[in-house]
1. Which is at pLDDT 95 or above and among the aliphatic types (A, V, I, L, M), of LEU297, LEU279, LEU320?
2. Going through the range 473-495 one residue at a time, which ones are charged (D, E, K, R) and out of contact with any Phe, Trp or Tyr (no Cβ under 6 Å at 6 or more places or on another chain)?
3. Checking PRO480 against (1) over 27 Å from PHE304 (Cβ atoms); (2) surrounded by 14 or more Cβ atoms within 10 Å (Cβ to Cβ), only one condition comes out false. Which one?
4. Would you pick out the residues in the range 114-136 that are of a type in the set (Gly, Ala, Ser) and either within 18 Å of ASN451 (Cα to Cα) or open to solvent by less than 10 Å² (accessible area, probe 1.4 Å) (or both)?
5. Do you know which residues across the range 56-90 are part of a helix (DSSP H, G or I), open to solvent by 40 Å² or more (accessible area, probe 1.4 Å) and of a type in the set (Val, Ile, Thr)?
6. Answer with yes or no whether LEU148 is of a type outside the set (Gly, Ala, Ser), open to solvent by less than 50 Å² (accessible area, probe 1.4 Å), assigned to a helix (DSSP H, G or I) and at pLDDT 55 or above.
7. Looking at (1) open to solvent by less than 10 Å² (accessible area, probe 1.4 Å); (2) among the hydrophobic types (A, V, I, L, M, F, W, C); (3) closer than 26 Å to LEU467 by Cβ, which one does PHE305 not meet, given that it meets all the others?
8. Filter the range 235-254 down to the residues that are within 19 Å of the chain's Cα centre (by Cα) and assigned to a helix (DSSP H, G or I) and list them by number.
Amino acid sequence: MFNKKLISKVIGSLLVLEAAFMLLCVVTALFYRSSDAWPFIFSFLITLGAGVGLVRLGLGAPTTMTRRDAYIVVTFTWVTFSIFGSLPYLFGGFFGTFSFFDLSSQIAITTDAFFETMSGFTTTGASMLNDVEAQLDSHHAMLAWRSLSQWIGGLGIVFFTIAILPSMVGNSMKVFSAEATGPIRSKMHPRLSATAMRIWWVYILLTVGCGVCYALAGMDGFSAVNYAMTTTATGGFSIHNDSIAHFHSPTIEYIAIVFQFLAGINFSMLFMVMAKRKLNSWREFKRSEKSKWSEFLANEETRFFILAVTCCTLVIALILMFSNGYALETAFRKSLFQVVSLMTTTGIFCDHVGAWPHITWMILYILMFVGACSGSTTGGFKSSRALMIIKVIRNEFVRMMHPRAVLPVKLNGKAMPSQIVNSLLASFSIYILVCLGTIALMMAIDIDITNSAIISISCLSNVGLPLNELGPDMTWSSLPIWTKWVCTVLMLLGRLEIFNVLILFTTPFWEDS
């Protein structure tokens, strides 16, 4: 049976937290004297009321959570967050005036608002706003909400709760497993809440460091805070139409590269490097630091990520120099920026990639699909899975010559259990099938194959590419309504791992419930 009271209590408590974030946007609107305070006040009151009501329904609920409860809590939390998170867009009329007598306009506006919110929380970054500067001009609270939604969703909504209010979910490893990304979930402390808090401290330090660097490089305070949140969340939402390219600053581009790259590394590994221990001598300190970096660079997934970024950057830079006449530094910077941006699934641009040779597009598509490291804020299939797939293929070639050989798939020197390998192959299969199925659906309504591929990979990998950047001229807002709903489902599937959502639609999940 489902623990309905506990599920109600957890989702209600999370809605109260979402209301608190909306209140921050009210403060932002009042501080900048912008005209979008009232949409957030109304949204705050409704979200708070719904949250308190659900919490009251869950009073006296036991804290023991089954695996079935965990999958329901995580999936329903993300959907509920997106529903209530879309209220400011609706009350503010940012996608059109809501008419109660025109059903078609109601559906269209609600669809756009929900799409924008889901894109924010899943850090996809695909936007219904074709002209952010014109449509959200002087609406500081709305701009802040878009950035804040990506920052909250970067490490996970429920994971954030585990860090600050572990009693809500009973410090449950099941919930962590249902929301965490990648095939291996690492813990740094016996208590899950302590692990979550440490990872969130790394996330906060990265965000603050990024914001300070942006400010020192010439951004105003509001821009620095917004871009810091979306950069470290590898989200891609921007307060300018041309994103980072708006500033025409190589320094800012290099800062974005560094922090996108750091956000693409497993946060447990980052914590290991950043953590300080009490040491008695300078020699002991040097030995400790050397050990940290040795362990960091010995991690196979980290090495794979660094190698992929390095090789693809060099290849694309050479192509740009010889095909497009770029200078050495410009070719290196532009190629490195786009490689890091797409492999970390941030999806921002510093150049018109549509004018690059088509072979570079294919490289970037592959990077979008693969993604960065597990346990980071990024989307995609994940580097650890890609590395394991390569090892499975290599082992098959060896087995053809030595049929009796025992060839375990090893990662960081440890043999992976057959359960993880089977899950890996199943994940790869379903990922490919969902991508191909979506491409077929898009082509069935006469969307060209290039944009169909971009839509599919972009949403499932949580990249959010501008559709007119790597294909024929098209925008997300020009898609048919039902296609937008398909895209929101793909975003959720990509963010929560496909099986963690699809399991809700299987017979075994509902048996004996």
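1. Numbers: LEU297 fails: at pLDDT 95 or above; LEU279 fails: at pLDDT 95 or above.
Exactly one of LEU297, LEU279, LEU320 is at pLDDT 95 or above and among the aliphatic types (A, V, I, L, M), namely LEU320.
2. So in the range 473-495, the residues charged (D, E, K, R) come out as 473, 484, 495.
Selection gives ASP473, ARG495.
3. Every condition holds for PRO480 apart from (2).
4. Kept after step one, since they are of a type in the set (Gly, Ala, Ser), are these residues of the range 114-136: 119-120, 125-127, 134.
Listed by number, the residues that qualify are SER119, GLY120, GLY125, ALA126, SER127.
5. Those that are part of a helix (DSSP H, G or I), open to solvent by 40 Å² or more (accessible area, probe 1.4 Å) and of a type in the set (Val, Ile, Thr): VAL79, ILE83.
6. Details: of a type outside the set (Gly, Ala, Ser): yes; open to solvent by less than 50 Å² (accessible area, probe 1.4 Å): yes; assigned to a helix (DSSP H, G or I): yes; at pLDDT 55 or above: yes.
Against the criterion (of a type outside the set (Gly, Ala, Ser), open to solvent by less than 50 Å² (accessible area, probe 1.4 Å), assigned to a helix (DSSP H, G or I) and at pLDDT 55 or above), LEU148 qualifies.
7. Result: PHE305 fails condition (3) only.
8. Residues of the range 235-254 within 19 Å of the chain's Cα centre (by Cα): 235-239, 243-244.
Passing the criteria: SER243, ILE244.
The values are calculated or read from the model by the stated rules, or taken from the named source; none is laboratory data. Just so we're clear, the structure is a prediction, and the values are computed from it rather than from any experiment. No Cβ is skipped: glycine too gets one built from the backbone with ideal geometry, and neighbour counts run over all protein chains shown. Only protein heavy atoms, including side chains, enter the accessible area calculation; ligands, DNA and RNA are left aside. Shrake-Rupley method; radii C 1.70, N 1.55, O 1.52, S 1.80 Å.
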